Every structure is written in C-alpha cells, then in structure tokens.
Amino acid sequence: MPTSTNAGGLFGIHGAALELRSQRLGLLTSNIANAATPGFKARDLDFRAALDARLGGASADRATQSATLFRVPVMPSLDGNTVELATEQAAFAENAVAYSASLSFVRGKVESLTRALKGE
Amino acid sequence: MGAPLNLFDVATRAMSAQLVRMNAAASNLANAGSVAGSADEAYRPLRPVFGSELDAASGLSTVRVAGVYRSDAAPVRLHEPDNPLADANGDVWSAPVDESAEMVEMMESARQYQNMVEALSTAKQLMLETMRMK
C-alpha cells in the first residue's frame with residue numbers, strides 16, 4: 001500500500017516522522033494530564049523502533065502500538081503513579097522541537113515542488 | 001462511547017479534574033475552624049480521587065474524577081462552655097482541616113493546571129503551523 005508517507009513517497013522519512021511525532025505528542029500529553037492520578041503508568045514511544053516499523057511498511061497504528069513502552073520511574077511514588085513531571089516536560093519539549101523540524105523539511109519539499117510547477 | 005478523543009479533549013478533562021480538586025481544597029479551607037455541636041455534625045474535609053480513562057481508539061489517556069470522598073479524620077473536641085452550640089459538657093467539635101496541607105494541595109493543583117495549559121498551547125501551535133504549512 002504505497003502512500004505519500006511511506007519511505008518511497010513524496011515526503012520520504014519526514015512524513016512518517018511527522019505522523020509519529022504527533023502520536024508521541026498525544027502520549028506525553030496523556031502523561032502530563034495524569035500526573036495526579038493514583039496508579040497511572042506513564043507511557044512513551046520508542047521513536048526509533050516506531051519509525052523503523054513504519055518505514056518497514058507497518059501501518060501508523062501498528063507501528064505506534066508495537067513501540068509504546070511503559071516508563072521506568074527514577075523514584076517510584078507511594079500511590080503507584082509513575083509520572084515524573086520533569087521527565088515528561090523535557091520529553092514534551094524535545095518532541096515539539098523535533099515535530100517542528102520534520103514539519104520544516106516537509107514544507108521545504110512542498111515549496112520546491114511548487115516552484116518547479118510554476119517554473120520560476 | 002463517542003468519537004475518539006483528541007488532545008483538546010484530554011486537556012479539557014484534565015483541567016476540569018484539577019478544577020474539582022481546587023474547589024474541594026477551597027471548601028476545606030473555608031470550613032477550617034468551623035465548629036459543630038456534635039462529632040457527627042462536624043465538617044469533614046472533601047477529598048477528590050482521580051482515575052485515568054484510556055481511549056483505545058486514539059491511545060490517549062484522560063482523567064476523570066473517580067469520586068469525591070469525605071476524609072475520616074476525627075473532629076477536634078474543644079471545651080468552650082460559652083459557645084451556644086456546646087453540648088451538656090460544654091464541648092464543641094471543630095472541623096479537622098489541615099490548612100497547610102490544603103494550601104499545598106491548592107498550589108499543586110494550580111501548577112498542574114498550568115502544565116496542561118502550556119501543553120495545550122504548544123500542541124495547538126504545532127497543529128496551526130501544520131495547517132498553514134508555513
């Protein structure tokens with residue numbers, strides 16, 4: 001099933017990366033939202049594994065599911081919650097920057113294509 | 001079971017849950033020092049308990065208030081014979097509210113509310129940039 005987000009498509013690796021970064025954004029937001037929920041286990045995406053799976057032809061859902069792991073807390077808390085805000089916020093910031101980077105690669109691709117079409 | 005959750009739903013629900021927590025802390029603080037004529041009538045501090053809710057369709061977890069419970073701390077008995085509420089022994093029962101604990105609860109809740117607003121605005125900005133492609 002060749003789609004524009006697969007390795008051979010228009011956006012190459014950046015389309016797939018953008019998709020997975022957006023999934024990871026959701027996971028990290030869920031962790032931050034559940035910072036005070038007793039017994040909540042924080043999850044994160046192993047980005048490299050997810051990207052490899054996605055480029056290997058797995059669907060976005062399957063790639064995300066197979067690479068979602070539980071976070072190991074530095075110091076477990078008494079109520080069983082494994083969210084550590086410092087870790088989550090750092091990961092969130094890193095992910096947002098990486099999302100912007102992927103987005104600008106995609107944008108560059110679009111711009112050069114537009115230029116080619118217009119014949120400028 | 002409605003539509004799959006998105007980031008905005010997760011953030012809104014988390015903020016509502018924190019609001020319940022802040023309201024409970026405010027009620028407890030407002031009732032600190034209130035007295036009653038018997039141990040049963042005395043005010044017991046409110047405690048909201050959160051639970052997480054996983055939306056399998058989108059893989060996101062949101063927060064819900066699993067319940068608001070009354071703390072089982074024992075009211076403090078004070079000897080105040082002049083108090084019109086006092087019983088035959090001249091005793092009144094005061095609400096067992098720990099003001100410092102409630103203030104800490106309030107601050108923590110406010111911090112987590114802010115975190116959610118921050119995460120939401122970052123996500124919104126990224127989404128808008130993707131929409132405009134600029």
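Side notes on the structure shown:
- Rg/Rh for the range B:7-127, where both radii come from Cα atoms and Rh is the Kirkwood radius: 1.18
- Positive end of the dipole of the protein assembly as shown (Cβ unit charges, origin at the Cα centre): among B:7, B:74, B:116, the Cα lying farthest that way belongs to B:7.
- Helix B:7-30 and the long axis of chain B differ in direction by around 10°, with both axes built from C-alpha atoms.
- Centre-to-centre separation between the Cα atoms of the range B:61-134 and those of the range A:16-85: 28 Å.
- Subtracting the Cα-Cα distance of residue B:83 and residue B:54 from 0.36 nm times their residue separation leaves 5.2 nm of extension gain.
- Computed E for residue B:127/residue B:68 - FRET, C-beta separation, R0 35 angstrom, nearest 0.05: 0.55
- Computed on chain A, the Cα convex hull volume stands at 95 Å³ per residue.
- Ranking A:92, A:37, A:66 by how far each Cα lies toward the positive end of the dipole of the range A:1-112 (charges on Cβ) leaves A:66 at the top.
- Once C-alpha pairs closer than 8 Å and six or more residues apart are averaged by separation and normalised to the residue number of chain A, the relative contact order reads 31 percent.
- On the basis of the beta-carbon distance and an R0 of 41 Å, residue B:111 and residue A:97 show a calculated FRET efficiency of 0.95.
- Unit Cα scatterers, Debye sum, the protein assembly as shown: log10 I(q)/I(0) for q = 0.14 Å⁻¹: -0.96
- Solvent-free Debye scattering, log10 I(q)/I(0), computed from the Cα coordinates of the range B:68-134 at q = 0.13, 0.15 Å⁻¹: -0.64, -0.72
- For residue A:10, no residue 5 or more places off, or on another chain, has a built amide H under 5 Å of its own.
- Rounded FRET efficiency, nearest 0.05, which uses the C-beta distance separating residue A:72 from residue B:29 and R0 of 35 Å: 0.40
None of the figures in this text is laboratory data; all of them are computed from the coordinates on show. None of the values given here were measured: they were computed from a predicted structure. Cβ sites come from the backbone with ideal geometry, for glycine too, and all protein chains shown count toward neighbours.
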